[in-house]
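Below is a structure I'd like to ask you about.
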Amino acid sequence: MYVIGTAGHVDHGKSTLISALTGMHPDRLKEEKLRQMTIDLGFAWLTLPNGEELGIVDVPGHRDFIENMLSGVGGIDAALFVIAADEGVMPQTKEHLAILDLLQVKNGIIVLTKIDLIDDPDWLDLVEMDIRDATKNTILENANLIRVSAHTKAGIDQLIHTLQELLATVDPKPDFGRARLPIDRVFSITGFGTIVTGTLLDGSLQVGQEVELLPNGNKVRIRGLQTHKKNEKIASPGSRTAVNLSGINVDEIQRGQVLASVNKYQPTQRFDASLRILSSSNFSIKHNQTVKLFIGASEVLSRIRVLGKDEIKPGENGWVQIEPVIPIVGVRGDRFIIRIPSPGETIGGGMIVNPNPPRRHKRYSQEVIKQLVAYLEGTPDEIFLQAIQDVGFGSFETVSKKAKLESSVIKDFWKNLVEEKQIFQLENGDVFQKPNILICSSIWFNDKKNKTTLLLENYHNQFNLRAGIPKEELKSKLKLEQAVFIAVLNIFQEINFVELHGNFIRLKDYAPNLNPSQVKAKLSIIKAFSDSPFSTPSIKESNELYGEEIMNYLQAENMLISVGNDVAFLSENYQKMENWVIEKIELSGSLTVAEFRDKFQTSRKYALAFLEHLDAKGTTIRDGDFRKLRPTRK
C-alpha cells in the first residue's frame, strides 16, 4: 500500500483532479466547499488496475495555509505536482516544489491540468518548457509530465497507468516492528468515540493493542482500525490509517502528536541534523536562531545551534543541533522543514542524523563533525558503530532503533564486529532472538576497563594489605547499575583482567604485599601472639598498637583467626585447640569450659570465646554446662 500527495499553487485543480481520479472529493470542511478552496488536508483513495491500493493526501495550495500543507506531505511515497495550463508556474508552485525537494520525495509525476481551457497547443508546449526549466536540478527534473483535464477526463487513464508504473519501482515501507503514526487529523464519531488518522510508519498496528501517545506518554488501547473506510484487524506500514481509540477524549489529542508502540520511541528536545538552506531564500541561519520546525505532522518552535561554522547561508549545507521547545518524535533519516516565523517563509530543510544526542555539542569540534558524517554517509556497519558509541551501552534493540537498521541488515556484519571486539555482548544469547540483551561499544568497554585499572591500582597502592576493593565500592565508582556491573565484571574475568577474592575484586595476579614497616609489625604481632598463645593480646589493643590494616591483613590471610569477643589466635594454635576439643569429646563424650581452661592454662574469657566460636561454627553443640560434638559437625 502506498500514499501519494498533491502539491501545487492554489486553484490549479488539485482537489478536482483527485475527484476525477477517485470519484470522491477530498474537501471536507464547510468553509472549503463555500470558498471552493482547500484549507486543510483532504483524503481520498484509489485502487489501481493491478489491484494495488493507493491513499491520497490532498494539500492546500494557498500561501496562507502552507503550514497545513506541511503536515500532510511528510509520509508520502510520491507526489502529484499539479500545474494549471492556463497559469503555468506560480509562486506557490515554486515553494511546494522546494518543499518536495527538501523532503526528498524522490518519486513524482508532473500533472498539467485544465488543458480543456487551452485551444492553442503551442501554448501548452511553452508552459511545459517553463515547467521543465523550473524543475531543473530538483527531484522532479526527470519526472513524467501528463496533460489532463479533470472535466473531460482527458489524460486521466494515462495518469493512472503512469502512477501504477511509477509505484511499481517504489520499495514498500519497511516494518521495523515499532509502529508510529504521526497524527494529522483528530475527530470523534458518535457511538465510536475518538478517531485519529495518519500515515503509518515503521510497524503494524492491530485491534486490541495498547499504544501510547507521544510525547506525553498516555497509554490508550486500539478499539478499531480502518484503511480507506474498510475495517481491518491489522494495519500495515505505509497505509493511510484511521485508529479508533478507547480511554481518551478527543480534546486530549492534537495534530502533531504521535501514536506509537509502547516504549519504542524516546521523545527528544535535542537532535543532530544536516540542514540545507534554499538558494532562493532571503535569510541565512545564524547560531541560536528561532525557527518553526515541521516534522511528521508536528509544528514546533525550535532553536538552531549551528555547528562547525558561524552561519549557514542560502544555497549552503551545514550541521546543526536543533532544540524544539516541546519534545518531538523522530528517528535517523526523518526529514523536516524549517520556516522563519515572521515573515512566514520556507527557508530550508534537512534530515535527522542523531535523534537523541547525549549532550550539547561543542560548536567547532571536528570529532563531532566526524561522527555526524558517519551517520549521514557511513555504511550500515559504520552507522551501527556510531549509534552504539553514542549510546555507550544499551539493549540491542535500542541501538538498532537509533541506527534505524533492520535486523536482516545487521546480521550481515554483526559477527565481524563482535569477533573484532568493536562490540561487546554483555549477556549470553542470540541478540536477534532476544533484542533486550545488553551490548556495548569497544570505546565504552575500554573506558570502563581503563577506569577500573586506575581505580584498582590506586586502591592496591593505598591499601596494599587488602585483598582488593569491595564489589559495591567499585560498582559505585564506575557508576554502573547492578546488572550492567555484573555483566562487565564477568567479561573482565573472562579476559583475565581481574579476579574475585570473596567479595573483593583485584587485578589479575595481584597479591597483598607488605612494606618494610609492615613486615616489622607482622613479626611483632606474631611474636606477641606466640608469647601468650592461649591468652593473646586483644584485637582492639593490637589495632591501636600496630594498626587495623596489618591486623585485617593477617586475618584475611588466615594467619590470625578471630573467634569473637575481641579474641584472636594464631592459626596453628587455633588448630591445636580445635583438634584437642574434638579428641577430648570423642574420648569422654563431653567437655566443660573449666576443662578447656585448665588444659590451656588460660582464663574463662578465652575459653568461653573459643568454645562459643566452635558452637557457632557447627563443630560443637552446648548441652547445659557441657559441649558435645554436633552429629553433623562441619
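Out of all DSSP beta bridges with both ends in the chain, state the antiparallel percent to the nearest 5. Mind showing how you got there, number by number?
Details: 99 of 117 bridges.
Taking every DSSP beta bridge within the chain, about 85 percent pair in antiparallel fashion.
Put +1 on the Cβ of each Lys and Arg and -1 on the Cβ of each Asp and Glu in segment 378-513; which of Asn496, Phe393, Ile469 then has its Cα farthest toward the positive end of the dipole?
Value computed over the given set: Ile469.
Quick check: the distance between the Cα centres of segment 596-612 and segment 446-492, to the nearest angstrom?
Value for the Cα centre distance between the two parts: 42 Å.
Please report His12, His287 as a ranked list, fewest other C-beta atoms within 10 angstrom at the top and most at the bottom. Could you put the intermediate results ahead of the total?
Values: His12 28, His287 15.
Fewest-to-most Cβ neighbours within 10 Å comes out as His287, His12.
Let me ask something else about it. Using amide H atoms built in the peptide plane, which far-off residues or other-chain residues are under 5 Å from Thr620 H to H?
Amide H to amide H, under 5 Å and 5 or more residues apart or across chains, Thr620 pairs with Asp615, Arg630.
Here is a further query. Using Cα atoms only, what is the angle between the long axis of helix 407-419 and the major principal axis of the chain, expressed in degrees (0 to 90) to the nearest 10?
The helix 407-419 is inclined about 30 degrees to the chain.
Using a simple charge model, +1 on the beta-carbon of Lys and Arg, -1 on the beta-carbon of Asp and Glu, nothing else, what dipole does the chain show about its Cα centre, in debye to the nearest 20? All intermediate terms of the calculation are to be shown ahead of the outcome.
Values: 76 positive and 80 negative charges, 495 e Å.
In total the dipole reaches around 2380 debye.
Could you compute the net charge surrounding Phe596? Neighbours are other residues with a C-beta less than 10 Å from the C-beta of Phe596; K and R count +1, D and E count -1. Mind showing how you got there, number by number?
Numbers: positive: Lys584, Arg597, Lys599, Arg604, Arg627; negative: Glu595, Asp598.
Counting the neighbours of Phe596, the net charge comes to +3.
Using Rg and Dmax of the Cα atoms in Å as the read-out, say which of (i) 27.7, 96; (ii) 37.8, 132; (iii) 24.1, 76 was calculated from these coordinates.
Checking each listed value against the structure points to (ii).
Using the number of other C-beta atoms within 10 angstrom as an exposure proxy, rank Thr197, Thr241 with the fewest first.
Working: Thr197 21, Thr241 25.
Sorted ascending by nearby Cβ count, the order is Thr197, Thr241.
Give me Val57, Val105 ranked fewest to most by other Cβ atoms within 10 Å of their Cβ, as a rough exposure proxy.
On the way: Val57 26, Val105 22.
With the sparsest Cβ surroundings first, the list reads Val105, Val57.
The numbers here are math on the coordinates, done by the rules we state, and not lab data. Only a predicted model underlies this, so the values are computations on that prediction, with no experimental measurement involved. No Cβ is skipped: glycine too gets one built from the backbone with ideal geometry, and neighbour counts run over all protein chains shown.
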